[in-house]
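J.: Submitted below is the structure of interest, expressed as structure tokens.
What follows draws every value from the coordinates through simple rules; no lab data is involved. Treat the numbers as computed from the prediction; the structure is a model and nothing was measured. Reconstructed Cβ throughout: ideal geometry from the backbone, glycine too, with neighbour counts over all protein chains shown.
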Amino acid sequence: MKTINAINNIALHYARLPQHPYGTPGKLHDFRVEESFLTVLESALKEVFDHCPLGTPNIITCAGILVNKPGHHGLGKAFDLDAIFWDDHQLVTNNFIHQKELYLGIESFLRKHFGIVLNHLYPNHADHWHVDTSVIVDYHESSQSETLYLQMVLHYIYGKPVIIDGISGPQTRAFTREVFNRLNINTPITTKVNYLKFLEITGKIAFKLSKEKVTPIQLLENLETVVDNLQTADKHAVSQALNSFLFHDDTSSWLNTIDDDHDLEAVIDSVLS
């Protein structure tokens, strides 16, 4: 075991109550970690931030590495990533909906190194990524976490109207084949070399998309996603209010003047060239 408070010279902070509120930079903290797992962490985070358009951050907030609980946390071989802070930007994992492209760019590269990555849509993980090396890196259709990631990038990066439920079925497979064909990647995704290529290309595409200007159309789509995820009791009233706004004559006229000019095909071509 080794005690650390930084990885690749990025400070590791803790930001959980009662000490510090979640979503803030928190305070520098010492963590105990198993040394071979630390090597994987260092390699993974270097690749993430070598590709990330924001560069290397100043702070990562971590909810725990060695924790007195069963599983790889009990061995110091798991990492819970809450948030990332740059000079003038931050990504808080609980805010996935508002930073989908940046979030999924980071996750794509994390998945090249960790066989287990539990993300925002995985039960009880909305406010952090959990990563560990308890299984090898590969894609298994039976894996809920891997299928959630696949469906998320199919929907939010590649614009496919896939249902995001963590269950691999005919719809998910069909959209996956479409995207693999567009990216010039051999199928099936269950072949490791194909999966790794998909992760790298998707990460680069997501990062490029994250650099583009956010338009009012995207902000409305974010709001609609939030509404879709509300509890049933609240969803009806909020949906009615949102629809009243969207279908008002003046609102509709304004929205029709906005050019949502994000060119996914051009971004894909630039990554593949």
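J.: Nearest 20 debye, what's the magnitude of the dipole of the chain about its Cα centre given +1 on Lys and Arg Cβ and -1 on Asp and Glu Cβ?
T.: 900 debye
J.: If we count other beta carbons within 10 Å of each Cβ, what is the order of Leu54, Leu81, fewest first?
T.: Leu54, Leu81
J.: Can you give the helix-only mean residue ellipticity at 222 nm for the chain, where every DSSP H stretch with n ≥ 4 adds -39500 (n - 2.57) and the sum goes over all residues, rounded to the nearest 500 deg cm²/dmol?
T.: -14000 deg cm²/dmol
J.: A further question on this structure: Using the alpha-carbon atoms, what tilt in degrees (0 to 90, nearest 10) does helix 192-211 show relative to the longest principal axis of the chain?
T.: The angle comes out near 60 degrees.
J.: Now for a different question. Would the range 216-257 count as rounded, prolate or oblate if I go by the C-alpha gyration tensor, calling it rounded below 1.5 in a/c and otherwise prolate when a/b exceeds b/c, oblate otherwise?
T.: Judged from the Cα gyration tensor, the range 216-257 comes out oblate (a/c at least 1.5, b/c at or above a/b).
J.: Still on this model: Between Ser43 and Val238, what is the FRET efficiency for a Förster distance of 51 Å, r being their Cβ-Cβ separation, to the nearest 0.05?
T.: On the way: r = 43 Å, r/R0 = 0.85.
So the FRET efficiency works out to roughly 0.70.
J.: What net charge do the residues around Leu75 carry, taking every other residue with its C-beta under 12 Å from that of Leu75, with Lys and Arg at +1 and Asp and Glu at -1? Could the numbers behind the result be given before it?
T.: Details: positive: Arg32, Lys69, Lys77; negative: Glu34, Glu35, Asp132.
Net of charged neighbours comes to 0.
J.: If you don't mind, there's one more thing I want to ask. Distance between Cα centroids, the range 47-66 to the range 23-41: provide it in whole Å.
T.: Centre-to-centre (Cα) distance: 11 Å.
J.: Also, quick follow-up: How far is helix 144-156 tilted, in degrees, relative to the longest principal axis of the Cα atoms in the chain, given as a value from 0 to 90 rounded to the nearest 10?
T.: Computed tilt is about 40 degrees.
J.: Taking the Cβ-Cβ separation of Ile217 and Asp50 as r and a Förster radius of 45 Å, what is the calculated FRET efficiency to the nearest 0.05?
T.: Values: r = 31 Å, r/R0 = 0.70.
Efficiency at R0 = 45 Å is approximately 0.90.
J.: Taking only pairs that are 8 or more places apart or on different chains, how many Lys pairs in the range 1-139 have Cα atoms under 23 angstrom apart?
T.: 12
J.: Here is a further query. Distances longer than 27 Å among the Cα atoms of the chain: what percent of all pairs is that?
T.: On the way: 15702 of 37128 pairs.
Result for the distance tail: 42 percent.
J.: Now a separate question. If neighbour count is taken as other Cβ atoms inside 10 Å, put Val153, Val267 in order from fewest to most.
T.: With the sparsest Cβ surroundings first, the list reads Val267, Val153.
J.: So how tilted is helix 35-51 from the main axis of the chain? Cα-based, degrees 0 to 90, rounded to 10.
T.: Roughly 30 degrees between the two axes.
J.: Subtract the Cα-Cα distance of Ser134 and Asn229 from 0.36 nm times their separation in residues, and report this length gain in nm to one decimal.
T.: 31.1 nm
J.: Taking 8 Å as the Cα distance limit and 6 or more residues as the minimum spacing, I'd like the relative contact order of the range 6-86 as a percentage.
T.: 32 percent.
J.: Using only Cα atoms, locate the centre of the range 156-209 and the centre of the range 85-151, then give the distance between them in Å, rounded to an integer.
T.: First find each Cα centre; the distance between them is then 15 Å.
J.: Under the 0.36 nm per residue contour assumption, what length would be gained going from the current alpha-carbon distance of Arg32 and Leu246 to full extension?
T.: Additional length available on full extension: 71.9 nm.
J.: For Ile163 and Asp263 in the same chain, what is the full-extension length gain: residue separation times 0.36 nm, less their Cα-Cα distance, in nm?
T.: Length gained, Ile163 through Asp263: 33.7 nm.
J.: Next up: Please rank Ser134, Ser108, Ser168, fewest neighbouring Cβ atoms within 10 Å first, as an exposure proxy. Kindly include the intermediate steps, with their values, before the conclusion.
T.: Working: Ser134 12, Ser108 25, Ser168 21.
Going from sparsest to densest Cβ surroundings: Ser134, Ser168, Ser108.
J.: Between beta-carbons, use under 14 Å as the cut-off and find the net charge around Leu121, counting Lys and Arg +1, Asp and Glu -1. Can you show the working numbers first?
T.: Values: positive: Lys100; negative: Glu107, Asp127, Glu146, Asp165, Asp228.
Residues near Leu121 contribute -4 overall.
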